[in-house]
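For reference, the structure is listed below as structure tokens.
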Amino acid sequence: MSETSSISWIKWLVISLVVLVLDQWSKQWILASLTLTEHIELFPFFNIIHVHNYGAAFSILSDQPGWQRWFLTIVTSVISIVLLVWLRRLKASQKLLAFSLVFIIGGALGNLYDRVMYGYVVDFIDWHYNGYHWPAFNLADAAICLGAVLLIVDTFKNPDLTKESNS
């Protein structure tokens with residue numbers, strides 16, 4: 001186990017909490033402001049839209065009869081716990097890796113909350129061009145993607161440190 005105090009990893013979780021709060025605040029605003037499928041065009045390529053995602057990323061499994069809600073809840077919970085344990089074991093020098101993990105954790109918990117409370121995830125960011133729409137997403141999804149990109153960058157930038165933190 002690496003040398004790090006409990007205080008330092010808990011401080012990192014503040015970023016996850018900020019991600020979670022911003023994500024939930026934005027989703028509550030959408031739920032209060034727009035009816036389902038209603039949209040606001042902000043730019044010719046960007047809308048705010050109220051949609052529900054009953055599946056995983058890109059609406060994978062959304063056409064299933066309901067088992068996916070609990071399956072995805074369990075998977076997200078397990079992944080979040082694994083990431084928390086990983087975060088707790090990081091060395092103080094592994095800042096980029098810590099950033100990546102707390103963004104993923106915050107985003108995962110934001111979508112987990114939706115799935116448990118509503119049975120779906122509230123999505124509202126709609127990028128489009130020439131009739132093609134990227135699947136709608138939310139701030140939690142953006143945080144997860146940012147965390148994944150940072151994780152990849154850290155893997156290439158610090159391959160030895162990443163291996164050490166996994167052992």
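Taken together, the values in this text are just the output of simple stated rules run on the coordinates, not laboratory data. This structure is a prediction, so every number in the text was calculated from the model and none was measured. Quick reminder, even Gly has a Cβ in these numbers, built from the backbone with ideal geometry, and neighbours come from all protein chains shown.
Recomputing P(r) over Cα pairs in 10 Å bins from 0, in percent from the coordinates shown identifies the correct label among [x] 11, 42, 37, 10, 0; [y] 10, 35, 31, 18, 5, 0; [z] 8, 21, 13, 11, 15, 17, 11, 4, 0 as [y].
Residue 147 sits among other residues whose Cβ lies under 11 Å from its own Cβ, and their net charge, with Lys and Arg +1 and Asp and Glu -1, is -2. When the convex hull of its Cα atoms is viewed from all sides, segment 38-85 shows a mean projected area of 5.0 nm². Under a Gaussian network description of the chain, with springs only between Cα atoms under 10 Å, the residue in 114, 123, 63 that fluctuates furthest is 63. Mean-square fluctuations from a GNM of the chain, with a 10 angstrom spring cutoff on Cα atoms, peak among 121, 85, 19 at 85. Springs join every pair of Cα atoms under 10 Å in this Gaussian network model of the chain, and among 61, 20, 97 the largest mean-square fluctuation is at 61. Once C-alpha pairs closer than 8 Å and six or more residues apart are averaged by separation and normalised to the residue number of segment 38-166, the relative contact order reads 30 percent. A simple spin-label model places the labels of residue 8 and residue 62 4.2 nm from each other, with each point 7 Å out along Cα-to-Cβ. Give the angle, between 0 and 90 degrees and rounded to the nearest 10, that separates the Cα long axis of helix 67-88 from the longest principal axis of the Cα atoms of the chain. Once rounded, one gets 30 degrees. Extension gain, residue 95-residue 36: 0.36 nm per intervening residue step, less the Cα-Cα distance, totals 17.2 nm. Looking at the square roots a ≥ b ≥ c of the eigenvalues of the Cα gyration tensor of segment 38-118, which shape do they give, rounded for a/c under 1.5, prolate if a/b is larger than b/c, or oblate? Oblate shape, in that a/c is at least 1.5 and b/c is the bigger or equal ratio.
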